[in-house]
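Quick notes on the structure that follows.
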Amino acid sequence: MPCVVVPFHGEDGKSRLPAEIRAPLALAMLGDVLEACVEVGLATLVTNDGPARALAAELGAGVCDDPGGGQGAAVAAALAVRSGPVLVVNADLPCVSAAELAALLAAAPALVAAADGTTNALSLPDPSGFAPLFGPGSAARFRAHVPGLAEVALPGLADDVDTLADLERLLGRVGPRTRSALAAVVASTI
């Protein structure tokens, strides 16, 4: 069974969203991502965030403590005890589907880049191919590091949320938890 790793830094990871919606929205997007991940494999959330840990337990995902040091260190910690095929999926992809995760896994080694050149999702035949290369320009670094790495076009994995404009653009496609969180935010402002 493939391992699916989802690093989650908590609401602090969404600093470009308004403070009043940051926490509920980050958690809702994580919920949509984890729901898709548990359908595909052994999902492991890497975090130190209490509400995220509770959500992972509710959805049947495992939890690994985030060692600090950024996204690369978080993913490496989860992969240190795994073997076989792996997926690494960001927590801010509210349009993700299990079918797209399965397609990415089938294309391994492969990645889905965000519009800004960062890496939203990565599939590897085994954890030995992983290196902590996340950050600006990471898609190019992963392509240089992993021989034969394919870049696949999967819109639910390509569309991440960093800003309100991203949410507005994706509104009709987001998962049910994100849609519900957005409705609650709108209702509380009326």
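Some values worked out for this structure:
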| read-out | value |
| --- | --- |
| Check on ASP66, at pLDDT 90 or above, within 25 Å of ALA183 (Cα to Cα), buried (at least 19 other Cβ atoms within 10 Å of the Cβ) and acidic (Asp, Glu) | no |
| Verdict on GLY148 being surrounded by fewer than 19 Cβ atoms within 10 Å (Cβ to Cβ), assigned to a loop (DSSP other than H, G, I, E, B) and under 15 Å from the mean Cα position of the chain (by Cα) | no |
| For ALA140: the one exception among (1) in contact with an Asp or Glu (Cβ under 9 Å, 6 or more places away or on another chain); (2) more than 26 Å from GLU58 (Cα to Cα); (3) surrounded by fewer than 18 Cβ atoms within 10 Å (Cβ to Cβ) | (1) |
| Residue check for THR118: surrounded by fewer than 17 Cβ atoms within 10 Å (Cβ to Cβ), within 30 Å of ALA183 (Cβ to Cβ) and of a type in the set (Val, Ile, Thr) | no |
| Output for the stretch 151-170, where each listed residue is in a loop (DSSP other than H, G, I, E, B), surrounded by fewer than 19 Cβ atoms within 10 Å (Cβ to Cβ) and modelled with pLDDT under 90 | ASP162, THR163 |
| Residue match in the stretch 47-63 (condition: under 16 Å from VAL152 (Cβ atoms) and surrounded by 15 or more Cβ atoms within 10 Å (Cβ to Cβ)) | no |
| In the stretch 1-57, the residues that are closer than 15 Å to ASP160 by Cα and among the β-branched types (Val, Ile, Thr) | VAL6, VAL33 |
| Residues of the stretch 10-48 satisfying the condition of being in contact (Cβ under 8 Å) with a residue 60 or more places away in the chain, out of contact with any strand residue (DSSP E or B) (no Cβ under 7 Å at 6 or more places or on another chain) and not in a helix (DSSP H, G or I) | ARG16, LEU17, PRO18 |
| Matching residues in the stretch 92-115 - criterion: being closer than 22 Å to THR178 by Cβ and in contact with an Asp or Glu (Cβ under 8 Å, 6 or more places away or on another chain) | ASP92, LEU93, PRO94, CYS95, VAL96, ALA98, LEU101, VAL112, ALA113, ALA114 |
| Residue ID - surrounded by the most Cβ atoms within 10 Å (Cβ to Cβ), chosen from residues in the stretch 81-112 that are out of contact with any strand residue (DSSP E or B) (no Cβ under 6 Å at 6 or more places or on another chain) and small (Gly, Ala, Ser) | SER97 |
| Failed item, numbered, when VAL161 is tested on (1) without any contact (Cβ under 8 Å) to a residue 12 or more places away in the chain; (2) farther than 25 Å from ALA80 by Cβ | (1) |
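The values are calculated or read from the model by the stated rules, or taken from the named source; none is laboratory data. Because the structure is a prediction, the values reported are computed rather than measured. Heads up, the Cβs are rebuilt from the backbone with ideal geometry, glycines too, and the neighbour counts pull from every protein chain shown.
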